[in-house]
Amino acid sequence: SAVISQKPSRDICQRGTSLTIQCQVDSQVTMMFWYRQQPGQSLTLIATANQGSEATYESGFVIDKFPISRPNLTFSTLTVSNMSPEDSSIYLCSGRGAGTDTQYFGPGTRLTVL
Amino acid sequence: GENVEQHPSTLSVQEGDSAVIKCTYSDSASNYFPWYKQELGKGPQLIIDIRSNVGEKKDQRIAVTLNKTAKHFSLHITETQPEDSAVYFCAAPKAEYGNKLVFGAGTILRVKS
């Protein structure tokens, strides 16, 4: 199975600030995704991180709020910008290998916005 | 688009009993159905998956069954143990959008010892 790590594992931030979350995957992964999981809820796809080009965002998510980078095949960042308490969630990085449906998740970043 | 409904939302069983969680999906083109287990403070872990060319798959105490006609699939855990207590999520791909997964709402499973 793919190995996916995230940093930081958790953070407490003040409203109005921004936080960048890092995701590192092993070489088996070709597609990378970012999900949000609000407290006690299911997983919602934010965007697909595309290598060397702009991410593909799902309905309800915009680049200005959640800028994403993927400078190479194994690394991506998600920034949560101008945070408000409503952004308090778990943010999950996920990856899928070439020619496979199997998708793996990182351990998540637990964000609390005060 | 794909809708995935999951039931029940919570399930309590006695240790040693079986647990069954069911999901229904709407996109008849969906052909891959994973199940994830999420323990407190951790990311979702893939525990079993099934593709549409088979009706059942087993891995020790865990099995998944698929009924493509009725568009539902189920997770079966036999001989439950306290360490099975977690939140379980089913998922199905949005076939027309490059197979991005849509997740069910989750089932909180509590195994009482």
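The values are calculated or read from the model by the stated rules, or taken from the named source; none is laboratory data. Being a predicted model, the structure only gives us computed values, none of them experimental. Because the Cβ atoms are built from the backbone with ideal geometry, glycine has one as well, and the counts that use them run over all protein chains shown.
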- request: Confirm whether residue B:75 is surrounded by 14 or more Cβ atoms within 10 Å (Cβ to Cβ) and out of contact with any Cys (no Cβ under 9 Å at 6 or more places or on another chain).
  value: no
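Residue-by-condition table, conditions (1) modelled with pLDDT of 95 or more; (2) more than 11 Å from the chain's Cα centre (by Cα); (3) not in a strand (DSSP E or B); (4) not aromatic (Phe, Trp, Tyr):
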{"site": "B:6", "(1), (2), (3), (4)": "yes, no, no, yes"}
{"site": "B:13", "(1), (2), (3), (4)": "yes, yes, no, yes"}
{"site": "B:16", "(1), (2), (3), (4)": "yes, yes, yes, yes"}
{"site": "B:23", "(1), (2), (3), (4)": "yes, no, no, yes"}
{"site": "B:37", "(1), (2), (3), (4)": "yes, no, no, yes"}
{"site": "B:43", "(1), (2), (3), (4)": "yes, yes, yes, yes"}
{"site": "B:48", "(1), (2), (3), (4)": "yes, no, no, yes"}
{"site": "B:57", "(1), (2), (3), (4)": "yes, yes, no, yes"}
query: Counting only residues that are assigned to a loop (DSSP other than H, G, I, E, B), without any contact (Cβ under 8 Å) to a residue 12 or more places away in the chain and within 14 Å of chain A (Cβ to nearest Cβ), how many does the stretch B:69-113 have?
result: 1
query: Given the structure, is residue B:27 charged (D, E, K, R) and at pLDDT below 95?
result: yes
task: Give me a count of the residues in the stretch A:38-69 that are more than 11 Å from chain B (Cβ to nearest Cβ) and of a type in the set (S, T, N, Q).
output: 5
Strands (runs of 3 or more DSSP E) wholly inside the stretch A:1-45 that include at least 1 residues being polar (S, T, N, Q): A:4-7, A:19-25, A:29-37
- request: Scan (1) of a type outside the set (Ser, Thr, Tyr); (2) crowded, with 20+ Cβ neighbours inside 10 Å; (3) out of contact with any Phe, Trp or Tyr (no Cβ under 6 Å at 6 or more places or on another chain); (4) closer than 28 Å to residue A:32 by Cα for the single condition residue B:106 breaks and write down its number.
  value: (3)
- request: Check residue A:47 against each of (1) buried (at least 18 other Cβ atoms within 10 Å of the Cβ); (2) small (Gly, Ala, Ser); (3) over 9 Å from the mean Cα position of the chain (by Cα) and name the one condition it does not meet.
  value: (3)
query: Which residue out of B:67, B:31 is in contact with a helix residue (DSSP H, G or I) (Cβ under 9 Å, 6 or more places away or on another chain) and of a type outside the set (Lys, Arg)?
result: B:31
query: What residue, among those in the stretch B:33-72 that are touching a strand residue (DSSP E or B) at 6+ places or on another chain (Cβ under 9 Å) and polar (S, T, N, Q), is surrounded by the most Cβ atoms within 10 Å (Cβ to Cβ)?
result: B:38
- prompt: Out of the stretch A:70-97, which residues are away from chain B (no Cβ under 14 Å), touching a strand residue (DSSP E or B) at 6+ places or on another chain (Cβ under 7 Å) and not in a loop (DSSP other than H, G, I, E, B)?
  reply: A:70, A:75, A:76, A:77, A:78, A:79, A:80, A:85, A:87
- request: May I ask you to verify whether residue A:53 is free of Cβ contacts under 8 Å to residues at least 24 places away in the same chain, more than 22 Å from residue B:91 (Cα to Cα) and not in a strand (DSSP E or B)?
  value: yes
